[in-house]
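What follows draws every value from the coordinates through simple rules; no lab data is involved. Remember, predicted model here, so these are calculated numbers, not experimental data. Note: ideal-geometry Cβ built from the backbone for every residue, glycine included; neighbour counts use all protein chains shown.
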Amino acid sequence: MRSKRKNPFVRLCSVMAGIVLLCAVYHPAFAAQAEKPSKWWQKTIAYEIYVKSFKDSDGDGTGDLRGILSELDHLKNLGVGAIWLTPCFVSPQKDNGYDVANYYDIDPAYGSMEDMENLIEEAKKRKIRIVLDLVFNHTSNENEWFQESRSGRDNEKSDWYIWKDPGKDGNAPNNWRSIFGGSAWTYDEERGQYYLHTFLPEQPDLNWANPEVRRALIDVADFWVEKGVGGFRLDAITYIRKPEDFSDGKPDAGDGTVGIHAMTANTDGILDYLGEFKAAVQDGTDIFTVGEANGVSADELPEWVGPDGVFDMVFEFSHVSIDVADEMNWCKTRSWTLPELKACFTASQKTTESTGGWYPVFLENHDQPRSISHFLPEGADRVAGGKALATLVLTMRGTPFIMEGEELGFVNVSWDDIEDYQDISTRNHYQFALDEGYSEEEAMEGVHHFARDSARTPMQWDQSENAGFTEGTPWLPVYEDYSVYNVDSEMADPKSVLNWYLTLSRLRGEHEELVTGSYEELFHDDEQIFAYTREKDDKKAVILINFSAQEASYDDACIEGARLLLSTNENNVKGRLAPFEAAIYQAAA
Ligand code: GLC
């Protein structure tokens, strides 16, 4: 999902980069940054598993929990201490599990409760914690809570969802458009009213204004804390509080609709709900929470993740949305420059650092394009490029979040036929483009750039058929490059992207300045190089990454007397970077 409202990142990031330094000096929580990271999740690396695509143990073509269990050692090798599993609760799978029919059980396609308990235990033996994805803005329409709610206007759960009478002429109550396209309202015959859905009609929004709903969700989270999970990702959490005003918004599309994001994201009062959730679920435990906070800008981060924030971390999207011109219209992209991308990171890094908050460093997730395709010039060398981006993710301040396959250097798929894409949102965006008058070729170009399927193709384990993902027919085709880009082959190649991840992961473990050290950007206006320092006590690392396919030069005063710790280029020279070279120096602080 991409942010539009409150995502004028250019304005925001440049203002932030300036004021954050000032705030840092005066903020009462400033002292917190000097402390050691006391929490296990600050020192570790997190890894996202798209459960459906990671490893299939029973040959049905769909990944499952036993499959994950069989590959824990790969993650251990990478230095992973937290695995974020995409939702594996009972679900009709209209949005691959982000439509939950029963939060208290595992979808049979993924295994059983016993499989989950085993996974939690076996992971713990390897010092890895399982993190679940709680989809609490909405449920599936097949959830029994919704079934009861829709059955009439006077049942016990009648107020658990957002119901409204039809507007004039029996139409939807307002002109809001769902994030996946189409009206955000669906009429329910049984109840004789419309219900609101931020996403698909099969994903009705819960009514968080009702204390019984909030209690029920706290009970779900408590149930999983009891099972021993290490934390939660809170899905689409910025949409939970609806505004008082349900009137029409100013249209932003030819059909007179307005994207719901602009009407409901991050509504005043949302922090009260989240504070209540935190106190009830988290206090007294060692779990962490990370919110999917689309619509929260870098300057708001202190309230969300500061020492008294409602989450330990939030995913903030200014950097991944840098090329988004219109969240619904994938044919319109925005061109961007490296200094703009740097400004996004610097704003988040400095805001969280200066206020004692923490940050999940990420370039990819299951909703985003692959980072090599997203942030590097077309035709970029995948191996060199993948290593350059890995260096960024593993040397910034915060907990790195790696998306499955990112450690192998995966790139976007570009299938020719829209029918090859399984993701419903991708298909809807394609249709929206056609409805807006774009040609099929133009609409497909948008799909090639933004489709969520690119991040969801099966994991590639070895050179065998289907890359060792399944012995059956994979639910989504394995990417054709699998004979080169797979775990086995990359483990055997010292120059692979995977081996670079292993090296960086070890380095991070040995250099605390790379985990908690302060961050300072260098050479901000440089269009090729992303450079910064990480400093703690008497240790200082200087990180230099060439984002371009051309050699780049820089003023090497910043590394005078410094020792090279690592470079992707064995012929590294001070003052110059080869195309996509990443180098880390250790300087005296
Ligand atoms: C979040 C998820 C996305 C899902 C949506 C609806 O944005 O990351 O995959 O489709 O919420 O639950």
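Some observations on this one:
- Convex hull volume of the C-alpha atoms in segment 427-556, normalised per residue: 205 Å³.
- Candidate cross-link partners of K342 among the aspartates and glutamates, defined by an alpha-carbon separation under 15 Å and a same-chain spacing of 8 or more, comprise E316, D323, E520, E521, D525, D526, E527.
- For segment 508-587 versus segment 176-203, the spacing of their alpha-carbon centroids is 50 Å.
- Largest to smallest principal axis extent of the C-alpha atoms in segment 514-588, angstrom: 35, 25, 21
- Taking packing as the residue-averaged number of other Cβ atoms within 10 angstrom, the listed peptides 218-228, 359-369 run from highest to lowest as 359-369, 218-228.
- The chain: antiparallel DSSP beta bridges as a percent of all, rounded to 5: 60 percent
- Computed over segment 462-589: relative contact order in percent, which uses C-alpha pairs under 8 Å that are six or more apart: 17 percent
- Farthest toward positive dipole pole in segment 188-279 [+1 Lys/Arg, -1 Asp/Glu at C-beta], among A221, W208, I260: A221
- When the chain is described by a simple charge dipole with +1 on each Lys and Arg Cβ and -1 on each Asp and Glu Cβ, the residue from L85, T337, N412 located farthest towards its positive end is T337.
- Förster radius 22 Å - calculated FRET efficiency between R506 and D537 (Cβ-Cβ, nearest 0.05): 0.60
- Normalising the average separation of contacting C-alpha pairs (under 8 angstrom, six or more residues apart) by the number of residues puts the relative contact order of segment 148-247 at 23 percent.
- Exposure proxy shown here: for D326, D58, the number of other Cβ atoms within 10 Å sets the order, fewest to most, as D58, D326.
- In terms of its alpha-carbon gyration tensor, segment 362-412 comes out oblate; a/c meets the 1.5 threshold, while b/c is at least as large as a/b.
- Approximate spin-label separation T285-D73, in nm, with each point projected 7 Å along Cα-to-Cβ: 3.2 nm
- The share of Cα pairs per 10 Å bin across segment 27-143, counted from zero up to the longest distance, runs 13, 40, 28, 13, 6, 0 percent.
- Dipole in debye (nearest 20) - segment 334-480, about Cα centre, beta carbon charges: Lys, Arg +1; Asp, Glu -1: 1080 debye
- Over the chain, equivalent-ellipsoid semi-axes from the Cα gyration tensor in Å: 37, 27, 25
- Test item: Cα-centred dipole of segment 514-588, Lys/Arg +1 and Asp/Glu -1 on Cβ, debye: 340 debye
- Note on Q550 and D248: the model spin-label points, each 7 Å out from Cα along the C-beta direction, lie 5.1 nm apart.
- Packing here is the average count of other Cβ atoms within 10 Å per residue, and on that basis the peptides 116-125, 344-353, 284-293, highest first, run 344-353, 284-293, 116-125.
- Sequence-distant contacts, meaning Cα pairs under 8 Å at least 6 residues apart, place the relative contact order of the chain at 15 percent.
- Exceeding the 19 Å Cα-Cα cut-off - candidates K387/K495; K52/K278; K43/K124; K39/K278; K350/K574: K52/K278; K350/K574
- Peptides 102-115, 541-554 ranked from most to least packed by the mean count of surrounding Cβ atoms within 10 Å: 541-554, 102-115.
- Rg in Å to one decimal, and Dmax rounded to a whole Å, for segment 286-419 via C-alpha atoms: 15.5, 49
- Put in line by how crowded their Cβ is, counting other Cβ atoms within 10 Å and starting with the fewest, S91, S57 read S57, S91.
- Computed over the chain, the per-residue total of -39500 (n - 2.57) for DSSP H runs of n ≥ 4 gives a 222 nm mean residue ellipticity of -9000 deg cm²/dmol, rounded to 500.
- Segment 323-342 and segment 45-60 have Cα centres separated by 30 Å.
- Inter-probe distance in nm under a simple model that places probes 7 Å from Cα toward Cβ, at E144 and Y187: 3.1 nm
- Tensor-based shape of segment 304-355 (alpha-carbon gyration tensor, a/c under 1.5 rounded, otherwise prolate or oblate): oblate
- Backbone N under 18 Å from the S439 label point (7 Å along Cα→Cβ), restricted to segment 332-372: 332-333
- Total charge dipole magnitude, the chain, about the Cα centre, Cβ charges on Lys, Arg, Asp, Glu only, Debye to nearest 20: 1900 debye
- Dipole of the chain, positive direction: furthest Cα of S454, F401, V478, with charges on the beta-carbon: F401
- Among K574, K168, the order by Cβ neighbours within 10 angstrom, fewest to most, reads K168, K574.
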